[in-house]
Amino acid sequence: MTEPHPFIEMRGIVKQFPGVLANDHIDLEIHRGEIHALLGENGAGKSTLMNILYGLYQPDAGEIRLDGNLIHIDGPNTAIKHGIGMVHQHFMLVKPFTVTENIILGCEPRKGLRLDQRRAIAEVETISKKYNLQVDPLARVADISVGMQQRVEILKALYRGADLLILDEPTAVLTPQEADELIAIMRQLVATGKSVIFITHKLKEVLRSCDKVTIIRRGQRISTLPTAGASINDLAALMVGRDVKLTVDKGPCQPGQPVLQVENLTATDARGLPALRNVSFDVKEGEIVAIAGVEGNGQTELIDCLTGLHKATSGKVKIHGQDITNKTPRFAERTGIAHIPQDRQGRGLVLDFSVAENMIMRNYYRPPIGPKIFINQSLMSNYASNLVEKYDVRTPNIQTLGRSLSGGNQQKVVVAREIEQNPDLLVAAQPTRGLDVGAIEFIHQKLIEQREAGKAILLISLELDEILALADRILVMYEGQISGELTSAEATEEKIGLLMVGGHAKGGEPVAN
């Protein structure tokens with residue numbers, strides 16, 4: 001039986017920022033008990049639309065209806081009162097607090113004037129069991145995995161009575177296993193009558209988890225259609241407005257001399273615990289070597305040791321035979337290393353700098369932009385404008401602050417800056433995290449161009465599809481060691497998956513360190 005009214009209706013939503021029409025008379029209908037995907041390129045207006053629904057922005061025109069009744073959402077508290085919850089791409093959690101303290105924050109159960117901690121823990125346990133979102137209520141958020149932190153965010157919304165959950169790029173920081181768990185959680189929620197809006201760039205996840213999909217392109221709604229019968233190519237073309245090449249064309253690997261040599265590298269993490277255990281490998285000219293593994297198995301410490309951000313306790317890192325172990329990031333850069341960091345906001349950008357200023361952070365001290373007392377503003381502007389055009393960064397202008405860009409466009413700024421340094425070794429950590437299919441196609445092409453130009457590329461990615469598409473050799477990390485190595489010809493998701501949990505993949509030799 002069809003509902004008399006959609007659960008949520010957004011009609012004619014318009015939102016304009018200086019120089020940008022983010023939402024251009026967009027209509028959206030969400031029904032109870034459905035998972036509805038919101039697809040679009042970086043900067044298409046998806047997050048803006050959802051921020052309006054959650055009350056973070058006010059629309060310039062249009063209306064919102066709940067069960068057919070006109071409502072005005074003037075802030076997140078009002079949205080929550082109407083049963084609308086949102087889990088942001090970058091989690092809003094207090095790391096030193098426990099799981100329970102984060103979930104109840106702002107609506108704590110009280111016993112007189114004091115927090116009723118026993119009741120709070122009991123309520124968290126009850127709601128987590130109800131929705132099969134098992135968490136440790138007493139664990140500190142700083143000590144739990146990213147996937148568990150996301151569960152805490154979902155429980156925060158459910159604790160406040162959310163009937164509609166907006167999930168903004170929820171799988172961008174998850175392992176494939178955690179993404180599967182999230183999809184199971186979404187299905188569990190809609191089975192109880194909840195609704196989910198799923199903002200993502202991952203087309204495979206849309207087709208296997210969502211009931212409907214709405215595509216937004218350059219601020220306008222292009223289409224709403226059921227996922228049954230749709231294909232990845234159809235959705236990609238609607239998103240980008242052209243046919244998108246979803247496969248990577250690359251010639252045979254012709255490796256040259258070693259550029260990077262890592263010899264018995266050992267390091268501890270920030271807590272002083274073992275993170276890397278006698279890791280050895282090399283990356284040659286003209287090849288892409290990928291590091292796969294579940295997050296937290298030493299990849300971060302490895303990247304930081306290579307780029308001068310973390311001290312190794314023993315072992316060596318060499319570039320073209322030159323020992324750069326425990327040298328500074330500036331020294332690593334001068335030997336020919338460029339670095340696309342996995343945390344674009346924490347390490348890739350200065351959020352309060354402009355796009356132009358972020359673009360020159362690698363060469364501001366070198367001619368012709370530097371090294372005088374003052375930066376040559378004209379040359380900086382020309383340089384940044386060229387990169388914005390070349391890498392299709394969607395920004396009102398080059399003076400826009402980094403924090404004002406969408407996550408995907410922030411990533412494009414970082415990728416543009418690093419690749420344009422013409423490095424001998426490109427350390428690319430999650431280079432396409434948060435990017436749409438058109439941008440992923442573009443970045444993959446740039447990486448292949450670097451490979452064909454004889455550059456060495458070390459790719460660290462949680463996306464097995466990306467690794468299988470790009471890598472010439474695949475190393476898998478498990479508990480701080482290389483658990484195995486596979487060539488591109490013998491690699492499969494199953495073999496990589498076995499090595500990711502410390503097993504042996506038939507056809508791939510485990511590497512003894």
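Values computed for the structure shown
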read-out: Among Val87, Phe17, Ile64 - extreme Cα towards positive end, dipole of region 8-240, charges at beta-carbon; value: Val87
read-out: Peptides 484-491, 290-297 ordered by average Cβ neighbours within 10 Å, highest first; value: 290-297, 484-491
read-out: Karplus-derived HN-Hα couplings along region 188-194 (A = 6.51, B = -1.76, C = 1.60, θ = phi - 60°), whole Hz, x at Gly and Pro; value: 4, 5, 5, 5, 8, x, 6
read-out: Under 5 Å, built H, 5+ apart or other chain: amide partners of Ile482; value: Ser280
read-out: Amide H contacts under 5 Å for Ile398, placed H, 5+ residues apart; value: none
read-out: Counting DSSP beta bridges with both ends in region 326-462, the antiparallel % (nearest 5); value: 10 percent
read-out: Normalised contact order of the chain, rounded percent, pairs of Cα under 8 Å and 6 or more residues apart; value: 15 percent
read-out: Cα principal axis extents for region 348-422, largest first, Å; value: 33, 25, 19
read-out: Met86 long-range amide H proximity, modeled H, under 5 Å; value: Ile166
read-out: Hits among lysines - C-alpha to C-alpha of Lys129 under 27 Å, sequence gap 8 or more where chains match; value: Lys81, Lys95, Lys111, Lys156, Lys194
read-out: Note, ³J(HN,Hα) from phi for region 264-272, Karplus 6.51, -1.76, 1.60, rounded to Hz, x at Gly and Pro; value: 6, 6, 10, 7, 9, 8, 4, 8, x
read-out: Beta bridge orientation in the chain: antiparallel %, DSSP, nearest 5; value: 55 percent
read-out: Region 8-240: radius of gyration over Cα atoms, expressed as a fraction of 2.2 N^0.38 Å; value: 1.03
read-out: Per-residue ³J(HN,Hα) for region 417-424, Karplus 6.51 cos²θ - 1.76 cosθ + 1.60, θ = phi - 60°, Hz, x for Gly and Pro; value: 4, 6, 5, 6, 7, 6, x, 7
read-out: Peptides ranked, highest mean first, by Cβ atoms within 10 Å: ranges 468-477, 202-211; value: 468-477, 202-211
read-out: Gain on full stretching of the segment that runs from Leu56 to Lys245 - 0.36 nm per residue minus C-alpha separation; value: 64.5 nm
read-out: Added length on full extension, which subtracts the Cα-Cα distance from 0.36 nm per residue, Thr78 to Asn132; value: 16.7 nm
read-out: For the chain, calculated [θ]222 nm from helices alone, where every DSSP H run of n ≥ 4 adds -39500 (n - 2.57); value: -9000 deg cm²/dmol
read-out: Most to least packed among 94-105, 434-445, 410-421 [average Cβ atoms within 10 Å]; value: 410-421, 434-445, 94-105
read-out: Convex hull volume per residue in cubic angstrom - Cα atoms of the chain; value: 171 Å³
read-out: Stretchable slack from Asn422 to Glu494, in nm (0.36 nm times residue separation minus alpha-carbon distance); value: 22.4 nm
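No lab work stands behind these numbers, since they all come straight from the coordinates. If you're wondering where the values come from, they're calculated on a predicted model, not measured in any experiment. Note that each Cβ is placed from the backbone with ideal geometry, even for glycine, and that neighbours are counted across all protein chains shown.
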